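Engineer: The structure is given below, and queries will be raised subsequently.
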Amino acid sequence: MSAVDALPPLREVIAAHELAARKSLGQNFLLDLNLTAKIARQAGDLSECDVLEIGPGPGGLTRGLLSEGARHVLAIEKDRRCLPALGEIADAYPGRLTVLEGDALRIDPLEYLTPPIRVAANLPYNIGTELLVRWLTPPEWPPFWQSLTLMFQREVAERIVAKPGSKAYGRLALLASWRCDAQIVMHLPPGAFTPPPKVSSAVVHLRALPEPRYPANAKRLEAVVARAFNQRRKMLRAALKGLALDIEDRLIAAGISPTDRAETVTLEQFCALTRMLEA
Ligand code: SAM
């Protein structure tokens, strides 16, 4: 019996189901159920929520989410070897865990979820940023989720919460801060995982704002930010030259000096520039 539920400890589960970690699937497992319960608590009160979990693996975080009271967990796992172990968790929490086998990039989870919805995951590092950008850039806002509680490599986590003027500041920080409150809520050393990855990790909690912080067309803002940071060492009048013939005037009208570089421009200024480009 484990610390948080009546199921066997994860080391036994992994041995029984022969779940040797595969690098190609980004498998670095969390085996300490006290730690996974702590991560689950960062997602807030889950008792009235459905939780979407990507990549449950042998189920460490899944068990944390369920033992912390999640109303229902939908877990999407690509590695079919994990399904029997996840089935045992589903049996221990009748009616509260649904497991889908497949690629999270290809499955639309919405038909399996009832709002309010939160997302919590120890993401496979190779698809983590892509999933985050998708969750931050839906056509409509507010999105389907209330909050995201996600494990990333520490460098990626720092890019998500970065402030203007720092090296980590860029597209991810701007997308996140435009429509969310984002903060790092936990740091984890490599030794917290089995096998240990080469890098440290951090959990980021993002809470969706009811509406964006400043008005701007989402697609246009994304395009302006992408272009500005593609050439982050260039002055903006050069980096954004292709966007408008009178780009210098529009930068000035948005309160930005044409000789500034993208990494010093605030979210408010990027939104103002986006509106000036529409005008
Ligand atoms: N949640 C578990 C934990 O914390 O111990 C496992 C986390 S491990 C970092 C990432 C998990 O994502 C693995 O179980 C892996 O098989 C799964 N995975 C990798 N690519 C995936 C994909 N495209 N869709 C769904 N799951 C994926």
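The values are calculated or read from the model by the stated rules, or taken from the named source; none is laboratory data. Only a predicted model underlies this, so the values are computations on that prediction, with no experimental measurement involved. In this analysis, Cβ positions are derived from the backbone assuming ideal geometry, glycine residues included, and neighbour counts consider all displayed protein chains. Surface areas here come from the heavy atoms of the whole protein model, side chains and all, with no ligands, DNA or RNA. Shrake-Rupley method; radii C 1.70, N 1.55, O 1.52, S 1.80 Å.
Engineer: When you count, for each residue, the other Cβ atoms within 10 Å and take the mean per peptide, how do 154-162, 30-38 rank with the highest first?
Structural biologist: 154-162, 30-38
Engineer: Here's a follow-up. Just the number, please: percent antiparallel of the DSSP beta bridges in the chain, rounded to the nearest 5.
Structural biologist: Bridges in the chain are about 50 percent antiparallel.
Engineer: Here's a follow-up. What residues of the stretch 36-71 lie in the reach of a label at Thr98, counting those whose backbone N is under 15 Å from a point 7 Å from the Cα along Cα→Cβ?
Structural biologist: Residues 49-54, 71 fall inside that zone.
Engineer: At 20 °C and 1.002 mPa s, grab the translational diffusion coefficient of the stretch 38-158 from Stokes-Einstein with a Kirkwood Rh over Cα pairs, rounded to a whole number in µm² per second.
Structural biologist: Values: Rh = 14.4 Å.
Stokes-Einstein gives a translational diffusion coefficient of 149 µm²/s.
Engineer: Largest first and to the nearest Å, give the Cα extent of the stretch 131-243 along each principal axis.
Structural biologist: 48, 33, 20
Engineer: Now for a different question. Using 0.36 nm per residue of separation minus the Cα-Cα distance, give me the extension gain between Arg41 and Leu245 in nm, one decimal. Numbers along the way, then the final one.
Structural biologist: Details: separation 204, 0.36 × 204 = 73.44 nm, distance 5.10 nm.
Going from the current span to full extension adds 68.3 nm.
Engineer: Mind counting lysine pairs for me in the chain? Cα separation below 28 Å, and the two need to be 8 or more apart along the chain or on different chains.
Structural biologist: Lysine pair count for the chain: 17.
Engineer: In the chain, if the dipole is taken from +1 on Lys/Arg beta carbons and -1 on Asp/Glu beta carbons about the Cα centre, which of Trp178, Ala37, Pro138 is farthest to the positive end?
Structural biologist: Working it through, the farthest residue towards the positive pole turns out to be Trp178.
Engineer: On to the next question. Report the residue, chosen from Leu243, Leu86, Leu206, that carries the largest GNM mean-square fluctuation when the chain is represented by alpha-carbon nodes joined by springs under 10 Å.
Structural biologist: Of Leu243, Leu86, Leu206, the most mobile in the Gaussian network model is Leu243.
Engineer: In nanometres, what is the gap between the two model label sites at Glu278 and Ala223, each 7 Å from Cα along Cα-to-Cβ?
Structural biologist: Using points 7 Å along Cα→Cβ, the separation is 1.2 nm.
Engineer: Can you give me the % of accessible surface on the chain that is carbon or sulfur? Probe 1.4 Å, all protein chains present, nothing else counted.
Structural biologist: 51 percent
Engineer: Over all distinct Cα pairs, what is the inverse of the mean 1/r for the stretch 1-77, reported as the Kirkwood hydrodynamic radius in Å?
Structural biologist: Averaging 1/r across every pair of different Cα atoms and inverting gives 12.8 Å.
Engineer: Let me ask another. Once Rh is set to the Kirkwood radius over Cα pairs, what Stokes-Einstein translational diffusion coefficient, in µm²/s, holds for the stretch 220-279 at a temperature of 25 °C and a viscosity of 0.890 mPa s?
Structural biologist: Answer, rounded: 226 µm²/s.
Engineer: Could you tell me which of Pro212, Phe152, Ala162 has its Cα farthest along the dipole of the stretch 85-238 towards the positive end, charges placed at Cβ (Lys, Arg +1; Asp, Glu -1), taken about the Cα centre?
Structural biologist: The residue sitting farthest along the positive end of the dipole is Ala162.
Engineer: Follow-up. Can you work out the FRET efficiency for the pair His17 and Tyr125, with r the C-beta to C-beta distance and R0 = 25 Å, to the nearest 0.05?
Structural biologist: Once the sixth-power term is evaluated, E becomes 0.65.
Engineer: Still on this structure: Mind checking the dipole of the chain: about its Cα centre, +1 per Lys or Arg Cβ, -1 per Asp or Glu Cβ, Debye to the nearest 20? Walk me through the numbers before you get to the answer.
Structural biologist: Values: 34 positive and 31 negative charges, 237 e Å.
Value, rounded to 20: 1140 debye.
Engineer: Ignoring ligands, DNA and RNA, what accessible area per residue does the stretch 39-133 give at 1.4 Å, in Å²? Can you show the working numbers first?
Structural biologist: Numbers: 3650 Å² over 95 residues.
Per-residue value: 38 Å².
Engineer: Sorted by average packing, counted as other Cβ atoms within 10 angstrom per residue and highest first, what order do 56-63, 68-75 take?
Structural biologist: Per-residue Cβ counts within 10 Å, averaged per peptide and sorted highest first, yield 56-63, 68-75.
Engineer: With an 8 Å cut-off on Cα pairs and a minimum separation of 6 or more residues, tell me the relative contact order of the stretch 104-255 in percent.
Structural biologist: Working: 197 pairs, mean separation 31.1, N = 152.
Relative contact order here is 20 percent.
Engineer: Something else about it: Against the longest principal axis of the chain, how steep is helix 267-278, in degrees 0 to 90 to the nearest 10, with axes from Cα atoms?
Structural biologist: With both axes taken from Cα atoms, the answer is about 60 degrees.
Engineer: For Ser200 paired with Arg71, estimate the spin-label separation in nm (one decimal), with each label point 7 Å from Cα along the Cα-to-Cβ line.
Structural biologist: 3.7 nm
Engineer: Could you tell me how many degrees, from 0 to 90 and to the nearest 10, lie between the Cα long axis of helix 218-230 and the main elongation axis, the longest principal axis, of the Cα atoms of the chain?
Structural biologist: Relative to the chain, helix 218-230 is tipped by roughly 80 degrees.
Engineer: Run through every distinct alpha carbon pair of the stretch 156-214 and return the Kirkwood hydrodynamic radius in angstroms, one decimal place.
Structural biologist: 12.5 Å
Engineer: Pop the C-beta distance of Ser166 and Ala6 into the FRET formula with R0 = 51 Å and round what comes out to the nearest 0.05.
Structural biologist: Approximately 0.65, to the nearest 0.05.
Engineer: Hey, could you pull the Cα Rg and Dmax for the stretch 99-179, both in Å?
Structural biologist: Here Rg and the maximum Cα pair distance are 13.5, 43 Å.
Engineer: In the stretch 21-64, if every C-alpha pair distance is counted and binned at 5 Å from zero, what percent goes to each bin?
Structural biologist: 5, 21, 28, 24, 14, 6, 3, 0
Engineer: Something else now. Between Glu48 and Asp91, 0.36 nm times their residue separation minus their Cα-Cα distance comes to what?
Structural biologist: Result: 13.4 nm gained on full extension.
Engineer: How many times 2.2 N^0.38 Å is the alpha carbon radius of gyration of the chain?
Structural biologist: 1.11
Engineer: Same structure, new question: Taking only DSSP H segments of four or more residues, each worth -39500 (n - 2.57), what value at 222 nm results for the chain once the sum is divided by all its residues, to the nearest 500 deg cm²/dmol?
Structural biologist: That calculation yields -10000 deg cm²/dmol at 222 nm.
Engineer: How far is helix 33-42 tilted off the main Cα axis of the chain, in degrees rounded to 10, range 0 to 90?
Structural biologist: Here the helix axis deviates by roughly 40 degrees.
Engineer: Sequence gap at least 6, Cα distance under 8 Å: using those rules, report the relative contact order of the chain to the nearest whole percent.
Structural biologist: 15 percent.
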